[in-house]
Structures are given as C-alpha cells and as structure tokens.
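Heads up, the thing below is written out as structure tokens.
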Amino acid sequence: MAMESRAEAAPAGPAPAPGLLRFRGPDAVKFLQGQLSNDMSALGAERLMLAGLHNPQGRVLALLRLAALEPDHIVALLPAELAELTMATLRRYVLRAKLAISNESNATALAALAAQSPAAAHCLQPGERARAIAAGLPQVYASTSGTFVAQMLNLDCVAGISFTKGCYTGQEIIARAHYRGRVKRRMQRFEAASAIALSPGEAVTLGDGRTAQIVDAVSHADGRTEFLAVAALPMLPGAATDTAAAQSAPSPATPAAPATPATPARRVECRPLPLPYALPD
C-alpha cells in the first residue's frame, strides 16, 4: 500500500498495541468458516485475509487479518485491546469442534510470527496504521466494537466479505443490505489541514454539515490529520442532515423520552480525499 511519502506519520493518539490469536486443530478452518465474514477456504500463508466477526445484527465486533501457517494452524492479527474479548466470543461457539484458541498478544509471540510470516511482518511494521488509512482499510477498536454494520466500513469493497460462502453470524443482515438496498452511510476518507486529535468512535460534524463518526485517524509531521469516518454519502439528498438520528427517532406510536441536553458534536473543518476503490452505486 503506497503512501505518498507518509512514513513520518504518527497515530493521532497512542498507537494501539497489536494482538495475536492462534487457532490450532483439525477443525480450525471449518470453525472459522462458520463464524467470520470471509471465505476461509482461500486462506494461505503468503498474504493476510481480512474478515469480520459480527453480532447477529450484522455489526462488526472485531476485524481480523488471518493467515494459515499450516492447514491446522491459523493466526489472526487484531488490536490487542480486543483480543481477549474476541477469543471469549469465539470460544462460546467451539462446542465439539476440534481446535484450541489462544491469545498470544505479547512481544515474543509477535516477533516470532513476524520472522515466520512476511505478510504478518508487513502488517506489524511502524506506519501500518497510516498506510491502512490511506488505503481506506478500516479497523475496529474497543470504542467502536459493535457500532458499525459491515457495509458501513466498506468491507464489501475491500475483500472483507464473501457473499457465496454460506452462513455465519450476522450473515442474513449483511446479505440483505447487499442485495436489497443501498447503504446510506459509509466510511469515507478526509483530511484536516490542521493537527487535531480524533478518537475512534467520536462523533463529529464535518465542515459541510454532515455528522460523522470517526473510524481511525493519523497525524502527519506537516500538521495534517488524515482520518476515516462513517457519514452519509454526499450525493444523497439530505446528506448534510443527521440521518443517523432520523433513523433512530421514535415512531408516532412510541412515547418520546424526555428531552435531555446533548453535547454538540465537535466541528472538524476538512476536505474529502478519494478512496483507492469505488463505492457501490
């Protein structure tokens, strides 16, 4: 993922520690095929596969980057802050499957993996967060786990979903969004001309009036801040309104809760940047 001289970039806030899960056993591929959004039959050792773990409502709990070191040995990279919860979630579904899941989110295990797998070593390099943002690749952290439906993070555009692999948790909702209608809020890429600290999950108001929720952000040495955020697509009518609030408004038959003062979302003056892939029409 080329970076246009972005090696000096630093995360907007502390860099998230990388985490590592291992799946060992003859049923490892079969088990993950029934839990994650991508087709595990295409796993290999030479590249990392992006896949999502979702809840039944199709919302992304974690994003994993996986490789099959051996047919019965799969590794997954994800933020360390989500590793233990992701392992616990997956263990609930093991039942009689023949595999063991372990959380090895420590420097020794990560260094050993980097030495064993060039694909993992590349993902663990300094500056990978900035490269991912420039490439329009999403990440999910503890603050955003369970927040976004798969298509809001463009997983259908970055080879993070297979629509032919069969069932997995959340598959029905994700497939319905794919086949029956356009997703109105999607992850987009922006640049603020000044240095600004943006946190994943933070609600902001863009310069054009649209509300948005931060996915990830990085600050550059020249003072710019580049970020990914989920917002209404600008070409849609009413894109400058808070569509999320409109969609969650109570129906006429539902008594409205007493109004409470809300903290206005911080306004971020920024310009849109192109994504290196096309969003669906």
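Worth a mention:
- Identity of the residue in the stretch 208-225, touching a strand residue (DSSP E or B) at 6+ places or on another chain (Cβ under 7 Å) and touching a residue at least 60 places away in the same chain (Cβ under 8 Å), that ends up surrounded by the most Cβ atoms within 10 Å (Cβ to Cβ): VAL215
- Selected residue [modelled with pLDDT of 95 or more, in a loop (DSSP other than H, G, I, E, B) and within 23 Å of LYS30 (Cβ to Cβ)] from VAL140, VAL158, VAL94: VAL94
- Test: LYS98 is in the same structural domain as GLY170 (by TED's automatic domain parsing), more than 18 Å from GLN171 (Cβ to Cβ) and among the basic types (Lys, Arg): yes
- Within the stretch 91-105, considering residues that are touching a strand residue (DSSP E or B) at 6+ places or on another chain (Cβ under 8 Å) and touching a residue at least 60 places away in the same chain (Cβ under 8 Å), the one farthest from LEU66 (Cα to Cα): VAL94
- Restricting the stretch 16-48 to residues that are aliphatic (A, V, I, L, M) and in a strand (DSSP E or B), the residue that is nearest to the chain's Cα centre (by Cα) is LEU36.
- Condition met for ARG182 (of a type in the set (Lys, Arg) and either without any contact (Cβ under 8 Å) to a residue 12 or more places away in the chain or assigned to a loop (DSSP other than H, G, I, E, B) (or both)): yes
- Count of the stretch 72-89 residues which are more than 19 Å from THR144 (Cβ to Cβ) and either in contact with a Leu (Cβ under 9 Å, 6 or more places away or on another chain) or not assigned by TED's automatic domain parsing to the domain that holds GLY170 (or both): 3
Conditions tested, residue by residue: (1) over 21 Å from CYS167 (Cα atoms); (2) modelled with pLDDT of 95 or more.
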| site | (1), (2) |
| --- | --- |
| PRO14 | yes, no |
| ARG22 | yes, yes |
| PRO26 | no, yes |
| ALA45 | yes, no |
| HIS54 | no, yes |
| ARG65 | no, yes |
| VAL75 | yes, yes |
| ALA80 | yes, yes |
| ALA88 | no, yes |
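- Conditions (1) within 21 Å of the chain's Cα centre (by Cα); (2) buried (at least 18 other Cβ atoms within 10 Å of the Cβ); (3) within 21 Å of ALA120 (Cα to Cα); number of the one not met by LEU90: (3)
The values are calculated or read from the model by the stated rules, or taken from the named source; none is laboratory data. What you see is a predicted model, and the numbers here were worked out from it, not measured in a lab. All Cβ positions, even for glycine, are placed from backbone atoms using ideal geometry, and neighbour counts span all protein chains on display.
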